[in-house]
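Visitor: Here you go, one structure.
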Amino acid sequence: MKIVFWAPFGIRPKGTLQARMLPLAQALQARGHEVTVVAPPYTNPEDAGLVELVGGVPVRNILLGPLRGMAAAPLYAWRMLREALRHQPELIHLFKPKGYGGLAALLLLVLRRCGLRLPPLVVDGDDREGTGGMNELLPYRWPEKRLFALQEQWLTRWADGVTVASRALETLAWGMGARRQQTLYLPNGPVRREGGARQRGRERFGIASDAPVLLVYTRFFEFTQERLHQVLEQLCRRLPTLVVLVVGQGRQGEEEALAQAAIRGGYRARLILAGWQEPDALPDCLAAADAALYLFDDTLINRTKCPAKLAELAAAGLPLVAERVGQIAEYLVQHESGLLVEPGDGDGLAVAAERLLTDRDLAGRLGQAAAWRMVTDFGWESAATRLERLYGEVLRRWR
């Protein structure tokens with residue numbers, strides 16, 4: 001089967017495509033399908049017009065310019081549609097029902113209504129985009145917010161098939177008119193990386209080989225910052241030799257706020273702010289830790305998320321303590337592959353994290369079980385098999 005994936009943005013610098021779209025494309029190709037990614041590289045404009053192989057998958061970046069901003073949207077949508085049709089796909093799969101790709105999808109549906117015989121469309125959602133979702137989180141202008149909300153509603157309703165990354169998104173898709181028999185729950189699987197080296201990771205950050213290390217791997221916006229400050233202060237009081245390794249970059253100075261809180265709490269010398277890390281460096285960062293802490297506020301956007309970072313931590317075999325919100329409870333089984341606490345329970349997070357850091361037998365057992373569960377229950381090969389069945393059903397109805 002010839003399939004085109006429409007990407008929401010370029011392959012760099014964000015890791016979103018490498019966490020979901022590319023693994024699916026690779027798994028489909030391993031099953032004998034031909035997958036091409038068409039991307040609008042406004043996040044990496046230096047790649048405009050470039051064709052490259054990423055993990056064995058061809059990524060075709062459309063040309064940008066000469067228009068800019070909102071005026072460029074119809075032009076870029078047309079270029080994405082034209083590039084997709086040039087490959088004569090049997091099916092087009094749009095990732096994120098918004099932006100330039102969303103406009104290309106709407107154009108496809110309009111042209112079909114006009115009588116043109118164009119391929120069926122499948123739409124993928126991995127976040128709540130409209131009201132209560134990414135619209136509230138990102139600094140979009142009002143016209144953009146309105147457009148994105150309408151795109152999410154219309155495309156979810158009128159697509160020939162829908163894939164969703166979480167159970168909450170599945171329910172929302174049904175509420176927007178998606179047909180149940182053509183809606184596929186397709187959670188994120190593990191990111192494929194080479195295993196890291198514990199000692200090498202510790203040497204990189206100057207961490208003693210015998211120090212307990214707690215990892216916080218985050219983009220910071222999924223939780224209230226003060227809660228993180230309070231949990232870390234509690235843990236550092238209880239474990240005098242604890243080192244806290246924070247990997248990730250915030251958008252609004254969250255790292256500096258954490259550093260100031262650590263000064264006030266008396267643990268700044270034991271806090272390592274590693275910032276954003278290249279993908280090749282992440283395995284050593286993860287291997288350096290003894291356990292990981294995952295805060296997740298109980299909000300609509302978090303309940304609809306399928307946290308790729310949590311999946312990556314679990315796949316790496318890191319013992320995890322997390323809040324029982326949305327998809328997290330699908331990934332981790334309490335006392336079997338992780339420790340879960342109720343949302344907002346900062347004291348419970350601190351107690352559970354201390355338990356993992358001091359009970360090495362328990363931590364090892366939970367970490368191994370988490371890695372096994374990610375591979376067996378959430379592997380991309382299994383996801384591709386189920387996606388292949390959905391494609392077949394969509395094409396059967398289409399024909």
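Computed from the coordinates by the stated procedures, all read-outs in this text should not be read as laboratory data. Keep in mind that this is a model prediction, so the values were computed, not measured. Cβ coordinates were reconstructed from backbone atoms using ideal geometry, including for glycine residues, and neighbour counts include every protein chain displayed.
Visitor: Among W372, W6, rank each residue by its count of other Cβ atoms within 10 Å, from fewest to most, as a rough exposure measure.
Guide: On the way: W372 14, W6 29.
Ascending Cβ contact count within 10 Å gives the list W372, W6.
Visitor: Quick one: if you stick a label point 7 Å off each Cα along the C-beta vector at T376 and Q199, how many nm between them?
Guide: Modelled inter-label distance: 3.3 nm.
Visitor: If one computes P(r) from the Cα atoms of the stretch 293-391, what percent of pairs lie at distances over 20 Å?
Guide: Values: 1834 of 4851 pairs.
Here the tail beyond 20 Å accounts for 38 percent of pairs.
Visitor: In bins 5 Å wide, starting from 0, what share of all Cα pairs of the stretch 279-325 does each bin hold, as a percent?
Guide: 5, 19, 31, 20, 13, 10, 2
Visitor: Another question, if that's okay. Which order do C236, C114, C306 fall in if you start with the one that has the fewest other Cβ atoms within 10 Å?
Guide: With the sparsest Cβ surroundings first, the list reads C114, C236, C306.
Visitor: Picking from D347, D126, D361, which is most flexible by a Gaussian network model of the chain using Cα springs under 10 Å?
Guide: D361
Visitor: Quick one: what are the phi-derived ³J(HN,Hα) couplings along the stretch 93-107, Karplus 6.51/-1.76/1.60 with θ = phi - 60°, whole Hz, x for glycine and proline?
Guide: 10, 8, 9, 6, x, 7, x, 4, x, x, 5, 4, 5, 4, 4
Visitor: Quick check: residue separation of Q181 and R237 times 0.36 nm, minus the Cα distance between them. What number comes out in nm?
Guide: Using 0.36 nm per residue and subtracting the Cα-Cα distance, I get 14.9 nm.
Visitor: Restricting to the chain, what percent of DSSP beta bridges are antiparallel, rounded to 5? Don't skip to the answer; put the middle values down first.
Guide: Values: 4 of 45 bridges.
Bridges in the chain are about 10 percent antiparallel.
Visitor: Long-range amide H contacts for V54: which residues qualify at under 5 Å (H placed 1.01 Å from N, peptide plane, sequence gap of 5 or more or a different chain)?
Guide: V59
Visitor: Among the lysines, which have Cα under 20 Å from the Cα of K98 when same-chain residues fewer than 8 positions away are ignored?
Guide: K14, K145, K305
Visitor: Convert 37 °C to kelvin, take the viscosity as 0.692 mPa s, use the Kirkwood radius over C-alpha pairs of the stretch 311-363 as Rh, and evaluate the Stokes-Einstein diffusion coefficient in µm²/s, rounded to a whole number.
Guide: Values: Rh = 11.2 Å.
Once the numbers are plugged in, D ends up at 293 µm²/s.
Visitor: Share of Cα-Cα pairs in the chain beyond 34 Å, in percent?
Guide: On the way: 24663 of 79401 pairs.
So the portion of pairs separated by more than 34 Å is 31 percent.
Visitor: Using bins 10 angstrom wide from zero, how does P(r) for the stretch 198-378 break down, in % of all Cα pairs?
Guide: Per 10 Å bin, starting at 0, the Cα pair percentages come out as 10, 41, 40, 8, 0.
Visitor: Suppose we take every Cα in the stretch 1-71 and form the convex hull; what volume per residue is that in Å³? Walk me through the intermediate numbers first.
Guide: Values: hull volume 6.1 nm³, N = 71.
For the stretch 1-71, the hull spanned by Cα atoms encloses 86 Å³ per residue.
Visitor: Follow-up. Could you give me the ³J(HN,Hα) list for the stretch 266-271, computed from phi with Karplus coefficients 6.51, -1.76, 1.60 and θ = phi - 60°, whole Hz, x at Gly and Pro?
Guide: Values, residue by residue: x, 10, 4, 5, 9, 10 Hz.
Visitor: Let me ask you something else. Mind checking the log10 I(q)/I(0) for the stretch 91-202 at q = 0.16, 0.19, 0.21 Å⁻¹? Debye, one equal scatterer per Cα, no solvent, two decimals.
Guide: Results for the stretch 91-202 at q = 0.16, 0.19, 0.21 Å⁻¹ read -0.73, -0.95, -1.10.
Visitor: Moving to a separate point now. Rounded, prolate or oblate, given the Cα gyration tensor of the stretch 134-186, with a/c below 1.5 counting as rounded?
Guide: Details: a/c = 3.05, a/b = 1.83, b/c = 1.67.
Prolate.
Visitor: Moving on to the next point. So if each residue of separation counts as 0.36 nm, and I subtract the Cα-Cα distance between R141 and A259, what length gain in nm does that give? Could the numbers behind the result be given before it?
Guide: On the way: separation 118, 0.36 × 118 = 42.48 nm, distance 3.17 nm.
Extra length available between R141 and A259 comes to 39.3 nm.
Visitor: Moving on. Whole Å is fine, so just give me how far the alpha carbon centre of the stretch 88-132 lies from that of the stretch 167-213.
Guide: Cα centroid to Cα centroid, the span is 26 Å.
Visitor: Something else now. Full extension from L107 to D280: what is 0.36 nm times the residue separation minus their Cα-Cα distance, to one decimal in nm?
Guide: Working: separation 173, 0.36 × 173 = 62.28 nm, distance 3.84 nm.
So the chain would gain 58.4 nm between L107 and D280.
Visitor: Let me ask something else about it. Could you check what % of the DSSP bridge pairs in the stretch 1-93 are antiparallel, to the nearest 5? Could the numbers behind the result be given before it?
Guide: Numbers: 4 of 15 bridges.
About 25 percent, rounded to the nearest 5.
Visitor: By counting other Cβ atoms within 10 Å of each Cβ, how are S166, S209, S382 ranked from fewest to most?
Guide: On the way: S166 26, S209 8, S382 14.
With the fewest neighbours first, S166, S209, S382 line up as S209, S382, S166.
Visitor: A follow-up question, please. Can you tell me the alpha carbon radius of gyration of the stretch 1-151 divided by the globular rule-of-thumb value 2.2 N^0.38 Å? Don't jump to the answer; show the numbers that get you there.
Guide: Values: Rg = 14.8 Å, N = 151, 2.2 N^0.38 = 14.8 Å.
Taking the Cα Rg and dividing by 2.2 N^0.38 Å, one obtains 1.00.
Visitor: Rounded to whole Hz and in sequence order, give me ³J(HN,Hα) for the stretch 207-218 from the Karplus expression 6.51 cos²θ - 1.76 cosθ + 1.60, θ = phi - 60°, writing x for Gly and Pro.
Guide: 9, 4, 5, 9, 7, x, 10, 9, 9, 10, 10, 7
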